[in-house]
Amino acid sequence: MTTIYARRKATNAMMMGLCVGAAAVGLAWLALILGALLYKGLAGLNLAVFTEMTPPPGSAGGLLNAIYGSVIVSVIAMLIGTPIGILAGTYMAEYGRFSKLTMIVRFINDILLSAPSIIIGLFVYELIVRPMGHFSGLAGSVALAILVIPVVVRTTEDMLSLVPNALREAGTAIGAPRWIVIRSVGYRAAMSGIVTGVLLAVARISGETAPLLFTALNNQFWSSNLNAPIASLPVTIFQFALSPYQEWQQLAWTGALIITLTVLTLSIIARSLTGRKEGH
Amino acid sequence: MTLAIAERVDNRREKVVRHFALTDTIFHWACRLAAIAVLVILGGVFVSLVSGSWEALAKFGPAFLTTARWSPVTETFGALAPIYGTLVTAAIAIVIAVPVGIGIAVFLTELCPRPLRRPIGIAVELLAGIPSIIYGIWGLFVFAPFLQRTLQPFLIDIFANVPVLSDLFAGPAYGIGILTSSLILAIMILPFIASITKDVFDTVPGVVKESAYGIGCTTWEVVRRIVIPHTRVGIMGGVMLALGRALGETMAVTFVIGNSHRLSASIIAPGTTISATIANEFTEADADVYVSSLMSLGLILFFITFIILAAARYMLLRMGRQAGA
């Protein structure tokens, strides 16, 4: 009898030990990556990074044009993707909550949400780059917009679905047409959640590299022409990291640090927005 | 007099109502079109990949899938090496990451001291959002040299005289290669698996677990007999999602896989995956059939991930219904 107890206790101790070990190893590993990133990235972080252009091989410089290009491409992507995402989410939560179309869109959207981003790059290459005959910043923006849409659709739908029906009924009862109810009641109540979704989408695209490789391509120089190849931080990191030049590799690390800090900041802000709502 | 006023009011009211009806219809249709746009995008992805890969598929036929030769010079292309690399790296990554991820989830839901539970949970979720290029650059500069000095020579030496394993771990130790990519992928999908598994573990009703504890079960027995059976479908869904991510992952792998189209039995040797091949070669592809072959690779990846992701979503959906009921 006691041997059974002893064995069960031993098994329990062993398995729980393994679980603690898994958590320790997993988290330590990730901490190691962030540590290396901080260590190597900070070494090259100075003002020149934000004020100078990407250098030719073998000389010092900064990442200004890459950061600028990334911001432009991302802003355009958000301008394209956010309205479509919010409208589609609105349809799913407000107009067709139980319709067949909503069910299908939800399923497809979830697949798009985790589809490999390089495939989106190929799609936009076929859609825009090939007919236009050259790479362009606009194509990069469209590729990123396609990554934005599923994130925004998902959060908008979820957040609008949380708005109590009594609020909508109150709006309808005083004679407001449906779209005014959605705008003044639905969006207002779900605002922080929708903003969270948008921030998460920005976080997602700010580090995306694969879909930009053959849409926006890259550019050594300062350019804000959306009809021509444009530099972006992730693609520059990719190119510089794989180069044999010391200065470029250092800039790649610094760029990686900048991206990581951006993404983490955005995610934390997004999280605190919804966190506060849950706390109420 | 009053009649005229009433008529005027009626007229204005009618105008306002008509205006509202119009704007309402416009907004309704704008929303509906946006929802349909989501479907159109996925359809567009499929159509454009098929049309882009048509030339290569027509030229090479089904043999494209079974040929390992990839030669831009003679314009013969076969997808076997990238397909093999994609499946092997993803499989090894899943085998490593799933037990560790579930371990982290068990730790977070059952063992972790309450004040630490939320911070660690949030940290895990934040790590799941770090872009893959970060893992790639770390893999290239830190992890691959480290493996080249330590793990790889060790594996080569220790299995040198074991029949099958000596082929599996045949050197030289380059640092980069299939095994390195698999390990990086495993680290990358780890937070992802952990946070999904933790979420589905949280759906187990406390009463069920407490009744198991009440009859004297140990923590491990509660996890093994109650929590895991209860959430089996959800865990499977999460694992499939992670698998989908590992299969399609580009940047983390491209840095450290070595981009070699030679099929090798050794998992230490350099190889390639579908996404790494596309990322490395697409802008260099000059011939039409070269571009088209890369598109065909994309189409194959699309098919594989679509099936995996659809299965994953179906499972998570079933799980959600269970939890809702």
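The values are calculated or read from the model by the stated rules, or taken from the named source; none is laboratory data. Here the structure is a predicted model, which means the values were calculated and not measured. We place every Cβ from the backbone using ideal geometry, glycine too, and count neighbours over all the protein chains shown.
Annotation: A:MET191 fulfils all but one of (1) assigned to a helix (DSSP H, G or I); (2) buried (at least 21 other Cβ atoms within 10 Å of the Cβ); the unmet one is (2). Within segment B:145-165, the presence of a residue that is over 30 Å from A:PRO234 (Cβ atoms), within 14 Å of another protein chain (Cβ to nearest Cβ) and either touching a Leu at 6+ places or on another chain (Cβ under 8 Å) or part of a helix (DSSP H, G or I) (or both) is excluded.
Exactly one residue out of A:VAL181, A:VAL202, A:VAL198 is part of a helix (DSSP H, G or I), more than 9 Å from chain B (Cβ to nearest Cβ), under 17 Å from B:CYS31 (Cα atoms) and not basic (Lys, Arg): that is A:VAL181.
Scanning segment A:106-148 for residues that are in contact with a Phe, Trp or Tyr (Cβ under 9 Å, 6 or more places away or on another chain), in contact (Cβ under 8 Å) with a residue 60 or more places away in the chain and not in a helix (DSSP H, G or I) yields A:PRO116, A:PHE135.
Checked across segment B:103-113, the condition of being in a loop (DSSP other than H, G, I, E, B) and either touching a Cys at 6+ places or on another chain (Cβ under 6 Å) or at the interface with chain A (Cβ under 9 Å from one of its Cβ atoms) (or both) holds for at least one residue.
Residues in segment B:243-261 that are within 15 Å of the chain's Cα centre (by Cα) and of a type in the set (A, V, I, L, M, F, W, C) were compared, and the one that is surrounded by the most Cβ atoms within 10 Å (Cβ to Cβ) is B:VAL253. Count of segment A:149-171 residues, restricted to those that are in a helix (DSSP H, G or I) and in contact with a helix residue (DSSP H, G or I) (Cβ under 6 Å, 6 or more places away or on another chain), is 14.
May I ask you to verify whether B:ILE257 is modelled with pLDDT of 90 or more, in a helix (DSSP H, G or I) and at negative phi? Judged against the criteria, B:ILE257 is not a match. Put simply, of A:LEU30, A:LEU37, A:LEU45 the only residue that is on the phi < 0 side of the Ramachandran plot and not in a helix (DSSP H, G or I) is A:LEU45. In segment A:55-105, the qualifying residues are those that are in a loop (DSSP other than H, G, I, E, B) and hydroxyl-bearing (Ser, Thr, Tyr), and the one that is farthest from B:PHE303 (Cα to Cα) is A:SER59. Would you check if B:GLY271 is surrounded by 24 or more Cβ atoms within 10 Å (Cβ to Cβ), in contact (Cβ under 8 Å) with a residue 24 or more places away in the chain and within 11 Å of chain A (Cβ to nearest Cβ)? Against the criterion (surrounded by 24 or more Cβ atoms within 10 Å (Cβ to Cβ), in contact (Cβ under 8 Å) with a residue 24 or more places away in the chain and within 11 Å of chain A (Cβ to nearest Cβ)), B:GLY271 does not qualify. Go through the residues of segment B:222-230 one by one and say whether even a single one is surrounded by 18 or more Cβ atoms within 10 Å (Cβ to Cβ) and part of a loop (DSSP other than H, G, I, E, B). No: zero hits. The residues of segment A:89-101 that are facing chain B (nearest Cβ under 7 Å) and either surrounded by fewer than 19 Cβ atoms within 10 Å (Cβ to Cβ) or out of contact with any Gly (no Cβ under 9 Å at 6 or more places or on another chain) (or both), listed by number, are A:TYR91, A:MET92, A:TYR95, A:LEU101. Of the residues making up segment A:230-267, those that are assigned to a loop (DSSP other than H, G, I, E, B) and surrounded by 22 or more Cβ atoms within 10 Å (Cβ to Cβ) are A:ILE230, A:ALA231, A:SER232.
The single condition among (1) assigned to a loop (DSSP other than H, G, I, E, B); (2) touching a residue at least 60 places away in the same chain (Cβ under 8 Å); (3) surrounded by fewer than 22 Cβ atoms within 10 Å (Cβ to Cβ) that A:THR215 does not meet is (3). Contact map, segment B:286-305: residues that are more than 10 Å from chain A (Cβ to nearest Cβ) paired with residues that are surrounded by 22 or more Cβ atoms within 10 Å (Cβ to Cβ) and hydroxyl-bearing (Ser, Thr, Tyr), Cβ distance under 8 Å, separation 6+ or inter-chain. Pairs shown: B:SER292/B:SER53; B:SER293/B:SER53; B:SER296/B:SER53. Within the set B:MET315, B:MET240, the sole residue that is part of a helix (DSSP H, G or I), away from chain A (no Cβ under 11 Å), surrounded by 17 or more Cβ atoms within 10 Å (Cβ to Cβ) and not hydroxyl-bearing (Ser, Thr, Tyr) turns out to be B:MET315.
Among the residues of segment A:16-40, those that are more than 19 Å from B:LEU190 (Cβ to Cβ), surrounded by 15 or more Cβ atoms within 10 Å (Cβ to Cβ) and either without any contact (Cβ under 8 Å) to a residue 12 or more places away in the chain or touching a Phe, Trp or Tyr at 6+ places or on another chain (Cβ under 8 Å) (or both) comprise A:MET16, A:LYS40.
Number of residues in segment B:124-144 that are facing chain A (nearest Cβ under 10 Å) and either more than 20 Å from the chain's Cα centre (by Cα) or assigned to a loop (DSSP other than H, G, I, E, B) (or both) equals 7. Just one of (1) of a type in the set (A, V, I, L, M); (2) within 11 Å of another protein chain (Cβ to nearest Cβ); (3) part of a helix (DSSP H, G or I) fails for B:ILE83. It is (2). Of the set (1) within 10 Å of chain A (Cβ to nearest Cβ); (2) on the phi < 0 side of the Ramachandran plot, all apply to B:GLY216 but (2).
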